[in-house]
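Read-outs throughout are calculated quantities, based only on the coordinates presented, and are distinct from any laboratory measurement. Just so it is clear, the model here is predicted, and its values are computed rather than measured. No Cβ is skipped: glycine too gets one built from the backbone with ideal geometry, and neighbour counts run over all protein chains shown.
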Amino acid sequence: MAREPRERDRDDRDSEFVDRLVHINRVAKVVKGGRRFGFAALVVVGDQKGRVGFGHGKAREVPEAIRKATEAAKRGLIRVALREGRTLHHDVQGRHGAGKVILRSAPQGTGIIAGGPMRAVFETLGMQDVVAKSLGSSNPYNLVRATFDALKNEDSPRSVAARRGLKVSTLQGRRRDASDSDVVGSEA
């Protein structure tokens with residue numbers, strides 16, 4: 001009994017993603033016979049190659065809530081440009097509600113220096129070196145959304161060059177010229 005090609009394609013696509021459960025919240029609704037419990041799950045999904053998304057799902061059972069959250073995360077994937085496939089191009093800030101995050105690019109070998117919800121985002125994204133700090137709210141929902149806000153604000157040299165109508169090599173050359181003049185200026 002062979003499966004349909006469409007179903008096989010969906011399984012192949014699902015296997016390329018890594019998902020991380022960030023938070024489960026249990027809520028109770030008081031009814032005449034007692035309490036009815038429900039569950040809300042926050043899941044981060046990524047392909048470890050620069051695409052990442054998050055989703056939120058609610059259900060009466062934990063596995064069903066996780067499944068719904070995973071489906072929602074796959075629908076809302078964003079692409080993040082990584083420098084050398086391992087870190088950010090520049091430092092960025094993001095916020096959502098009272099949650100504020102600061103993300104800094106890091107040299108090779110630094111690792112992921114970040115707390116719980118942010119760490120899950122970076123691991124599923126495929127980032128290897130980053131330093132992150134969260135300020136304000138420690139609510140996992142706000143932290144994940146603030147991290148995504150910061151990642152959306154990140155620009156690659158390619159996108160900056162396209163926006164300015166320049167070549168990437170011209171931008172990189174200017175960056176090197178500026179760093180060389182800083183070194184010469186400090187010696188004088």
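Values as computed for the structure displayed
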{"read-out": "Contour minus Cα-Cα distance for Asn139 and Val27 (0.36 nm per residue)", "value": "38.7 nm"}
{"read-out": "Proximal charge balance of Val62 [Cβ under 12 Å; K/R count +1, D/E count -1]", "value": "+3"}
{"read-out": "Under 27 Å from the Cα of Lys58 - lysines, other chains or at least 8 residues apart", "value": "Lys29, Lys32, Lys68, Lys74, Lys100, Lys152"}
{"read-out": "Cut-off 13 Å (backbone N to label point 7 Å along Cα→Cβ of Glu84), residues of segment 115-146", "value": "128-130"}
{"read-out": "Fully extended contour minus Cα-Cα distance, from Arg164 to Arg60, at 0.36 nm per residue", "value": "32.3 nm"}
{"read-out": "Highest-first arrangement of 70-81, 37-48, 119-130, where packing means the average Cβ count within 10 Å", "value": "119-130, 37-48, 70-81"}
{"read-out": "Fewest-first ranking of Ser137, Ser105, Ser15, Ser159, using other Cβ atoms within 10 Å as the exposure measure", "value": "Ser15, Ser159, Ser137, Ser105"}
